[in-house]
Amino acid sequence: MAKKERLIELLQEKRTALITRAVTKGLDPTVSKKDSGVEWLGEIPEHWEVKKVKRMCLVRRGASPQPIEDPVYFDDEREYAWVRIADVTASERYLETTTQRLSELGR
C-alpha cells in the first residue's frame, strides 16, 4: 500500500511539473525563447507577452451580485469571467478556468 501511495505522489508531482512547464514555457520546446523580465519565470516563448492581471481585466474584491443564486446576474454566453475562490482553489496553483460568466447587470 505504501508503494502505491508513493507512486501516486510521484505521478501527481510529475503532472504538476508538466502543467507548470506547459504554462510557463509553452507546449513546443523548439520555439524561440526570450527573457520574460520576471525572475521566477525565466524565459518564455518569443511570441508571448507578460502582463499583470490588472492590465487585462477589472479586478474587484469582495463584491458579489446579490443574491448570488439569482440567474439575472449570470450569462454563460458573455465575456465577463466571474472568478470565485472556489475556481482558484480547484485549479490549485494556477487559475485555468472559471465556472461562471457575468451578465451586463452582474458586471
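What to note about this one:
- Only one entry of 23, 59 meets the criterion of being under 21 Å from the mean Cα position of the chain (by Cα), modelled with pLDDT under 80 and in the same structural domain as residue 106 (by TED's automatic domain parsing), and that entry is 59.
- Members of the range 12-26 found to be over 20 Å from residue 51 (Cβ atoms) and either touching a helix residue (DSSP H, G or I) at 6+ places or on another chain (Cβ under 9 Å) or aliphatic (A, V, I, L, M) (or both), listed by number: 17, 18, 19
- Within the range 37-46, being at pLDDT 80 or above and out of contact with any Gly (no Cβ under 9 Å at 6 or more places or on another chain) holds for 37, 38, 39, 42, 43, 46.
- Per-region count, the range 62-107, residues among the charged types (D, E, K, R), modelled with pLDDT of 70 or more and surrounded by fewer than 11 Cβ atoms within 10 Å (Cβ to Cβ): 5
The values are calculated or read from the model by the stated rules, or taken from the named source; none is laboratory data. All values derive from a computational prediction rather than experimental measurement. Cβ coordinates were reconstructed from backbone atoms using ideal geometry, including for glycine residues, and neighbour counts include every protein chain displayed.
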